[in-house]
Amino acid sequence: MAADLDKAAVGRAELAGLDALELNIGRTAGFWSRLWAATWPKVLAIVLVLLAWQLVVWSGWKPSYVLPAPPEVFSWLWQNIFTAGFWQAIGITMTRAVTGFAVATVIGGVVGIAVVRVKALRAAIGSLITGLQTLPSIAWFPLAILLFQLSEQAILFVIVLGAAPSIANGLINGVDYVPPLLKRVGQNLGAKGFSLFRYVILPAALPSCVAGLKQGWAFAWRSLMAGELLVIVEGRPSIGAELQHARDQIQPEIVIALLIIILIIGIAVDTGFSFADRTIRARWGISEGR
């Protein structure tokens, strides 16, 4: 009896060891090590870009009033980053982005769920969703301006049309690639209909849904930037409107500074989605960890 108990204890210890190995317990690097590992490649890339930019300026390819050097651009940023107008423009742009993306997420999610749940609907509009996704967002602006004139609604209209198809397709593809065995296991455990979709299929499709959201945000952000250049709403300063104004006034240092701001915001949001994706993959056991 004692020998059997010893064997059982050894078996549990080995199983625990295997579980710990799979979950990377005890092998996760410290916070500062992971932060440095994630940061230094980005810092190196920034240094290389700035160096290349400065070398192009020194080459005399374009005069300084067309292509300013990095110190001029960052000097303008430093002088204006603490002004109320600067943050007001960023606030309006981000409000539009978040609002449009939220509406697109709701519409894309509803359409995606409807398509995967209703076969007739998939046959009717499944390919149309992909077609809308491939249509350049800027092509919608003539129609948006005709429908809503130069207004916030015109910009929101194009953001939603640009982002919703990607979000819907992410959900549809995620559901399509859920293993049939997983569905059968859920059914054997008593899950049926919406319950099966809610507790089995949708969680399994979550990584693909996050990828669709990430792509949808990219489309939304690009649509917004195009919209703010084309649709300038009076009394509503934004990054795009300031960019257009700087171009009209031939102020290249402001143009480049605003492009840097746009790039930083895009990278920051993309980093958030990437972190969510890595976390989900780690929880799902399909990556080496966070």
**OP:** Please work out which residue is nearest to residue 233 (Cα to Cα), limiting yourself to the stretch 127-149 and to residues that are surrounded by 14 or more Cβ atoms within 10 Å (Cβ to Cβ) and of a type outside the set (Val, Ile, Thr).
**Re:** 148
Subject >> Within the stretch 162-218, considering residues that are more than 23 Å from residue 127 (Cα to Cα) and touching a Gly at 6+ places or on another chain (Cβ under 6 Å), the one surrounded by the most Cβ atoms within 10 Å (Cβ to Cβ) >> reply: 200
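Matching residues to (1) within 28 Å of residue 67 (Cβ to Cβ); (2) among the hydroxyl-bearing types (Ser, Thr, Tyr); (3) assigned to a loop (DSSP other than H, G, I, E, B):
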position	(1), (2), (3)
228	yes, no, no
233	no, no, yes
236	no, no, yes
245	yes, no, no
258	yes, no, no
271	no, yes, no
Original post:
Given the conditions (1) more than 18 Å from residue 101 (Cβ to Cβ); (2) in contact with a Gly (Cβ under 8 Å, 6 or more places away or on another chain); (3) at pLDDT 85 or above, and given that residue 248 satisfies all but one, which numbered condition is not satisfied?
Top reply: (2)
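Results for (1) surrounded by fewer than 20 Cβ atoms within 10 Å (Cβ to Cβ); (2) among the β-branched types (Val, Ile, Thr); (3) touching a residue at least 60 places away in the same chain (Cβ under 8 Å), shown as yes or no for each residue.
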position: 221; (1), (2), (3): no, no, yes
position: 242; (1), (2), (3): no, no, yes
position: 245; (1), (2), (3): yes, no, no
position: 248; (1), (2), (3): yes, no, no
position: 255; (1), (2), (3): yes, yes, no
position: 269; (1), (2), (3): yes, yes, no
Original post:
Of the numbered conditions (1) outside any helix (DSSP H, G or I); (2) loosely packed, with under 13 Cβ neighbours inside 10 Å, residue 124 satisfies every one except a single condition; which is it?
Top reply: (1)
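Among the listed residues 68, 63, identify the single one that is outside any helix (DSSP H, G or I) and either touching a helix residue (DSSP H, G or I) at 6+ places or on another chain (Cβ under 6 Å) or within 30 Å of residue 192 (Cβ to Cβ) (or both). I'd like the intermediate steps shown before the answer.
Working: 63 fails: either touching a helix residue (DSSP H, G or I) at 6+ places or on another chain (Cβ under 6 Å) or within 30 Å of residue 192 (Cβ to Cβ) (or both).
Result of the check over 68, 63: 68.
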**OP:** Sort out which residues of the stretch 47-105 are β-branched (Val, Ile, Thr) and under 19 Å from residue 245 (Cα atoms), and write them in order of number.
**Re:** 66, 73, 81, 83, 90, 92, 93
Subject >> Filtered residues of the stretch 223-240 (kept if in contact (Cβ under 8 Å) with a residue 40 or more places away in the chain, touching a Ser or Thr at 6+ places or on another chain (Cβ under 9 Å) and of a type in the set (A, V, I, L, M, F, W, C)) >> reply: 224, 226, 231, 232, 233, 239
Subject >> All helices (runs of 4 or more DSSP H) inside the stretch 149-219 with 2 or more residues being under 27 Å from residue 278 (Cβ atoms) >> reply: 152-176, 180-188
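The values are calculated or read from the model by the stated rules, or taken from the named source; none is laboratory data. Since the structure is predicted, the reported quantities are computational estimates derived from the model, not experimental observations. Reconstructed Cβ throughout: ideal geometry from the backbone, glycine too, with neighbour counts over all protein chains shown.
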